[in-house]
Every structure is written in structure tokens, then in C-alpha cells.
Amino acid sequence: MGRKSPVVLIGVVKNSRDLEMILRDRLYRMPVRYAPKRKALYVAFYQPSSVKENAGLFKAAPAGFDGVIRCYARIKGRQVLERRKILPEEQDHPRSRDPYICFELGALYRLASPMSNKRRMRVTFGFTTLKKLKSSREIKELFDIPPLEEIVQQWLQGMGLAYQREYRIRL
């Protein structure tokens, strides 16, 4: 029997500061209250289109896309810290005493080609495998989301009914 592919946590990079922390300090944080119970060996970083670029290290998502995954890292360690320990400049933040999981990261690895969010799905924390991360072209492929239009097309055609894709036209 073959070896299972390592588990990858898909983490959302909420702002430029968090992207900086990943690149500079090799740290990724998430609130304990949202943290999944499942363990992962890697974390891949979903960068929404709202996260501004950083010194040219990450290029913006292509036009028409709502975010991208460009890189991932091995998780070397994890610890629970209060937010104020991770972000000391935010001592007065309303959640400064909330516990966060702080992942210590190894080297960053770039995907062979950026993975886009063509369907503009809302992305939160999720899991996939390293094999899927490296072979998928779209975010929806990471989570085994079935291609609903194709399923409906096959079903309707099986019943002898005509099918036509719906396209949005802007006037």
C-alpha cells in the first residue's frame, strides 16, 4: 500500500503585516478559537486580492481572480501565545489577550504555478494533501468540490433535455 500524502493546512493571509511575518520571521498565526483540531505538516498561504504586495516578492492575483496560493512551508513547531506576544505593537487591541497558535515555519516553497480562485469562493482555513496542492490549478480542486454545472449537464442530457450554460452578460 502506498504512503499517504502529507496533510496541508490552507491558511488565510489576512493582511500585509501577516504576509510580512511569514516572509521575514517565518511565523504564521491564527486564533485558537478558529484553529482546527487536525494536525498538518505543511501550511499553504491563501492570499486574498485585498492583501497588498510586498516588495515584489508576491505578484498580485491575475485580473478577474479573487486571491491566489503561491507558496507553502513545512510547520517546524507550534505554540500557543497571547496575541500581544506575537504583535507587541498592538498591546491595546481588544483581542490582545486572546490565545493564538503561532506556527514556526521552515523554508518557503513556491508552487510551480500560482493557484487561482477563479470561482471566487470564500476561503477560510481548510485541509488538503501535499499531492493535491502541487497538482491543482484552481483552489476548488483542493477541497474536492464537484463541478456542479457538469453534473447537472450530464443529468439533464441523460433525461433527454437540452442544456445550456448560463453566462452573465453586462450591458
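The values are calculated or read from the model by the stated rules, or taken from the named source; none is laboratory data. None of the values given here were measured: they were computed from a predicted structure. Side chains are part of the model used for accessible areas, which takes the heavy atoms of the whole protein and leaves out ligands, DNA and RNA. Shrake-Rupley method; radii C 1.70, N 1.55, O 1.52, S 1.80 Å.
Cα centroid distance between region 1-33 and region 100-116, in Å?
6
Given a 1.4 Å probe and heavy atoms of the protein chains only, how would you sort D18, D25, D92, largest accessible area at the top?
D92, D25, D18
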